[in-house]
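The values are calculated or read from the model by the stated rules, or taken from the named source; none is laboratory data. Just so we're clear, the structure is a prediction, and the values are computed from it rather than from any experiment. Because the Cβ atoms are built from the backbone with ideal geometry, glycine has one as well, and the counts that use them run over all protein chains shown. To get the accessible areas, we keep the full protein, side chains included, count just its heavy atoms, and leave off ligands, DNA and RNA. Shrake-Rupley method; radii C 1.70, N 1.55, O 1.52, S 1.80 Å.
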Amino acid sequence: MTRQKTGRRFGAFLCALLLLCTLVPSAFAAQTKVQVNGQHYNGSVVVQNSTTYIPMRHFLNFLGWDVTWHASSNSAFANSTDGRTLHVGLATKSLTVDGYTVEIPVTVRSGRIYLPLRTLCTLMGYQVSWDGAKKLVSVTSAGGSSWTADELYWLSRIIYAEARGESLTGQIAVGNVVLNRVASPDYPDTIYKVIFDSEHAVQFQPVSDGTIYNTPDTGSIQAAKLALQGVNVAGSSLFFFNPALSKGTWIVNNRTYYKTIGNHQFYL
């Protein structure tokens, strides 16, 4: 197939997807600026539901990656000069970087694939911060971690105990709930205290059955790191349960359903 024909098919596919996407006005998005290691990124930036999106090809080219489109699988692939790999599946709405895969919202605008900046950069090993006063997203090469060894220790253990064997997305979601509770005024303010909170009853089954002390695998540790770095797939959820193991009666009757991820249902 010629490159011209491939481009036409890709363009038609993206136009169809575009009809499903509603983005904020360009004027608002233009207020958000992005810097990578202090260097200004001059490509387009889109803000949707408080999430910053970046055009995949243009941004990765800016970072020095080579990007190709495979029309047969509706997928984009990218490679860095040092042998790293990246894959985006539009049909599966998934992002894979160096073998780690998470489900992501894929947005299409003007024939371009847009990806959530924080998730993309975090999986690539960057640290991402937001300066609200300057409306500036700063992306920097990873230096020291922004969490303590104790935080990673306990978050990776609760993730492993609750969601071992699930996808990376499902494991991150469990970590999101714990961190959402840490940030909430209604719960203790550390990961350890949230996990072992028993004010109104034991909150997590692994605390009762002792599996919280099992040694997590590398996938759970990676999920914990990504959650700590800000990757969020569970929104502001504060509750979850596995319908195969529990009816979750109180949660269902008193909280608002958010979504199902892996084996768990998540509630706000």
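Length, then width, then depth: along the principal axes, the Cα atoms of segment 48-120 run 34, 26, 25 Å. Within the accessible surface of segment 69-208, defined with a 1.4 Å probe on protein heavy atoms only, the carbon and sulfur portion equals 48 percent.
Taking the Cα centre of the chain as origin and assigning +1 to Lys and Arg Cβ atoms and -1 to Asp and Glu Cβ atoms, the resulting dipole is close to 1260 debye.
By the gyration tensor of its Cα atoms, with a ≥ b ≥ c the square roots of the eigenvalues, what is the shape of segment 92-160: rounded for a/c under 1.5, prolate for a/b over b/c, or oblate? It is oblate, given that a/c is not under 1.5 and a/b is not larger than b/c. Neighbours of H264, meaning other residues whose beta-carbon lies under 14 angstrom from its beta-carbon, give a summed charge of +1 when Lys and Arg score +1 and Asp and Glu score -1. Run down the aspartates and glutamates and flag those whose C-alpha is under 17 Å from the C-alpha of K225, throwing out any fewer than 8 positions away in its chain. Those aspartates and glutamates meeting the cut-off are D98, E103, D150, E151, E162, E166, D217.
Debye-formula intensities of segment 175-231, expressed as log10 I(q)/I(0) at q = 0.17, 0.21 Å⁻¹, are -0.60, -0.88 (one equal scatterer per alpha-carbon, no solvent). 3J(HN,Hα) couplings calculated from phi for segment 111-127 with the Karplus curve 6.51 cos²θ - 1.76 cosθ + 1.60 (θ = phi - 60°) are, in sequence order, x, 10, 7, 10, 10, x, 4, 5, 5, 4, 5, 5, 5, 7, x, 8, 9 Hz; Gly and Pro show x.
K134 contributes an accessible area of around 130 Å² to the protein surface, as traced by a 1.4 Å probe with all chains present. How much of the pair distance distribution for segment 139-203 lies past 15 Å, counting alpha-carbon pairs only, in percent? Considering segment 139-203, 56 percent of its Cα-Cα pairs are separated by more than 15 Å. Set the Cα radius of gyration of the chain against 2.2 N^0.38 Å, with N its number of residues, and you get 1.07.
Binning the C-alpha pair distances of segment 46-177 at 5 Å intervals from 0 yields a P(r) profile of 2, 9, 17, 21, 20, 15, 11, 4, 1, 0 %, listed from the shortest bin outward. Here segment 178-268 is assigned +1 on the Cβ of each Lys and Arg and -1 on the Cβ of each Asp and Glu. Its dipole about the Cα centre then comes out at about 260 debye. Based on the alpha-carbon gyration tensor of segment 112-268 and its eigenvalue square roots a ≥ b ≥ c, which shape applies: rounded if a/c is under 1.5, prolate if not and a/b is larger than b/c, or oblate? Prolate shape, in that a/c is at least 1.5 and a/b is the bigger ratio.
Quantify how much of the Cα-Cα distance distribution of segment 181-268 extends past 18 Å, in percent. All intermediate terms of the calculation are to be shown ahead of the outcome.
Numbers: 2028 of 3828 pairs.
Cα-Cα pairs of segment 181-268 separated by over 18 Å account for 53 percent.
For segment 87-130, the Kirkwood radius over C-alpha pairs fed into Stokes-Einstein at 37 °C and 0.692 mPa s yields D = 298 µm² per second.
Between A183 and N253, the simple label model (points 7 Å from Cα in the Cβ direction) yields a spacing of 3.0 nm. Amide H contacts under 5 Å for Y258: F266, Y267, L268, restricted to partners 5 or more places along the chain or on a different chain, H placed in the peptide plane at 1.01 Å from N. The residues of segment 33-154 expose on average 48 square angstrom of accessible surface per residue, using a 1.4 Å probe on protein heavy atoms.
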